[in-house]
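Structure, as structure tokens:
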Amino acid sequence: MIRIISILVGAFFTLALLLAFGTGAYNFVTEPPAQTVEAAFHEHPKELKLSSDGIFGKFDKQQLQRGFEVYSKVCSSCHALKLVAFRDLAALGYNEAEVKAIAAAQTVAGKDPLTGAIKDRPGMPSDHFPPVVYAGTGNPPDLSLIAKARHGGGAYVYSLLTGYQNQPAELLKKFPEAKTPDGLYYNPYFANLNIAMPAPLTSEGQVTYSDGTKATVDQMAQDVAAFLVWTAEPKLEKRHQTGLWWIGFLLFATILAYMSYRNIWAEKKGH
């Protein structure tokens, strides 16, 4: 009797689930959900190929230095890098004197060893990049981990920086209420299409590269995207090397184990 009741209860729930699924599918086909402006016009990041991509990827130090120049001269007025220390820049190929000069050009809040009072002083290599006091509206995000915090990573950064444009006529025709408000800027790579940050890279030559590379808007966007991939994962090269070492070790161990198996059990299988 208990078995029959259990079967009936199970059949009831199965039928209920099938009915719910069928009803939902029918409603979706006959009355599809209304399309939002974000779903219709939001674009996935453009393709961006960096030397750090893939399991064999390594950072291009020359590009990272160019990206740091773009950050320093364009982005640093609004966006901080609070998780990056000045001494970390040695990984980009800067020597000790250059790191000290970069740090000294910044003003950081430090404790006076004699009085204990907090006062401004020139930065030292052991200091982290200081926070940014932003005078405008909004709260610009810290960029230390932005390449990991956004889907697409470096490609997202690159696409956002090069994606500013006028609103498409088709958008305004379908969604006239979605006109970009005053003070915001249309960018299809941003989550809700309208971003408070004006286009930071606007013209060729905005940054003068120390290595002589032509500073087009596209080049500057690629370089700063590569730099922010590094700030988010400064140990990426070491992680790749460690992973490849362990893959090699496991392959060797697997082959050795198989050969041992064949050697030990070869005669026993013949009986």
Next on the checklist: Please compute the length gained on full extension between Asp120 and Ala90, using 0.36 nm multiplied by the number of residues separating them and subtracting their Cα-Cα distance.
Outcome noted: 8.4 nm
Next on the checklist: Restricting to DSSP H runs of at least four residues, report the calculated mean residue ellipticity at 222 nm for the chain, -39500 (n - 2.57) per run over all residues, nearest 500 deg cm²/dmol.
Outcome noted: -14500 deg cm²/dmol
Checklist entry - Alpha carbon centre of the range 82-120 versus the range 221-246: separation in Å? => result 23
Checklist entry - lysines within cross-link reach of Lys214: Cα-Cα under 18 Å, excluding same-chain residues under 8 positions apart? => result Lys61, Lys73
Item to check | Contact order normalised by residue count of the chain, Cα under 8 Å, 6+ apart, percent | outcome: 23
Item to check | Fewest-first sequence of Arg262, Arg66, Arg121, Arg3 by Cβ atoms within 10 Å of each Cβ | outcome: Arg3, Arg262, Arg121, Arg66
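Taken together, the values in this text are just the output of simple stated rules run on the coordinates, not laboratory data. The structure displayed is predicted, hence computed values, not measured ones. FYI the Cβ positions are ideal-geometry reconstructions off the backbone, even for glycines, and counts take in every protein chain you see.
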